[in-house]
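Visitor: Before we start, here is the structure in question, set down as structure tokens.
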Amino acid sequence: MARRSNTDTGARLERDVMRQRILATVDSIPRGAVATYGQIAAEAGLARRARLVGRVLSELPRGSKLPWHRVLGACGRISLVGAAAREQRRRLRVEGVTFLASGRADWKRHAWRPI
């Protein structure tokens, strides 16, 4: 059996730390507010890592209590497709998030502004 090198262990720990920072940041978005993937990355100290945020959220287990639905694409639109997009929009509407005719969330009313 091959042994893991210290480099492998260090990389795994770094990934776990980044993942936990992303999850904690998403968890801090209040009900009725929305943020972008890029905003989450920046708030988690991972500037320019929006795709990493998307990947971490896509790996959440079904039924996760984390408010993943409060994270939108850079233009303020739902970036998912199909049933996942419909579920995200449903959850946001339940929380009172409104959408403009363009399909974008009403950013003036619902943008997350962390302190």
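The values are calculated or read from the model by the stated rules, or taken from the named source; none is laboratory data. Worth saying up front: this structure is predicted, and the values here are computed from it rather than measured. Please note: Cβ atoms are built from the backbone with ideal geometry, for glycine as well, and neighbour counts cover all protein chains shown.
Visitor: Are any residues in the range 85-106 part of a helix (DSSP H, G or I) and either modelled with pLDDT under 95 or over 19 Å from Asp27 (Cα atoms) (or both), and if so, which ones?
Guide: Of all residues in the range 85-106, those part of a helix (DSSP H, G or I) come to 85-94.
Once the filter is applied, which keeps residues that are part of a helix (DSSP H, G or I) and either modelled with pLDDT under 95 or over 19 Å from Asp27 (Cα atoms) (or both), the range 85-106 yields Ala85, Arg86.
Visitor: Contact list please: Cβ distance under 7 Å, first residue in the range 44-61 and without any contact (Cβ under 8 Å) to a residue 40 or more places away in the chain and farther than 16 Å from Ala74 by Cβ, second residue surrounded by 13 or more Cβ atoms within 10 Å (Cβ to Cβ) and among the aromatic types (Phe, Trp, Tyr), pairs at least six apart or on different chains.
Guide: Once the first residue is without any contact (Cβ under 8 Å) to a residue 40 or more places away in the chain and farther than 16 Å from Ala74 by Cβ and sits in the range 44-61, its partners that are surrounded by 13 or more Cβ atoms within 10 Å (Cβ to Cβ) and among the aromatic types (Phe, Trp, Tyr) give Leu60/Trp68.
To keep it simple, each residue is scored yes or no on (1) touching a Phe, Trp or Tyr at 6+ places or on another chain (Cβ under 7 Å); (2) loosely packed, with under 12 Cβ neighbours inside 10 Å; (3) under 20 Å from Leu23 (Cβ atoms).
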| residue | (1), (2), (3) |
| --- | --- |
| Glu59 | no, yes, yes |
| Pro67 | no, no, yes |
| Arg70 | no, no, yes |
| Arg91 | no, no, yes |
| Phe99 | no, no, no |
| Ala105 | yes, no, no |
| Ala111 | no, no, no |
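Visitor: Give me the residue from the range 77-114 that is over 17 Å from the mean Cα position of the chain (by Cα) and hydrophobic (A, V, I, L, M, F, W, C) and, out of that set, farthest from Ala33 (Cα to Cα).
Guide: Ala83
Visitor: Among the listed residues Ala35, Ala47, which satisfies the condition of being out of contact with any Asp or Glu (no Cβ under 6 Å at 6 or more places or on another chain), under 23 Å from Ile115 (Cα atoms) and buried (at least 18 other Cβ atoms within 10 Å of the Cβ)?
Guide: Details: Ala47 fails: buried (at least 18 other Cβ atoms within 10 Å of the Cβ).
The unique qualifying residue is Ala35.
One line per residue, one yes/no per condition, for (1) farther than 18 Å from Arg51 by Cβ; (2) without any contact (Cβ under 8 Å) to a residue 24 or more places away in the chain; (3) touching an Asp or Glu at 6+ places or on another chain (Cβ under 7 Å):
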residue	(1), (2), (3)
Trp68	no, no, no
Gly73	no, no, no
Ile78	no, no, no
Arg86	yes, yes, no
Gly96	yes, no, no
Gly103	yes, no, no
His110	yes, no, no
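Visitor: I need the full set of residues from the range 17-58 which are in a helix (DSSP H, G or I), under 21 Å from Val94 (Cβ atoms) and of a type in the set (D, E, K, R), in order please.
Guide: Matches in the range 17-58: Asp27 only.
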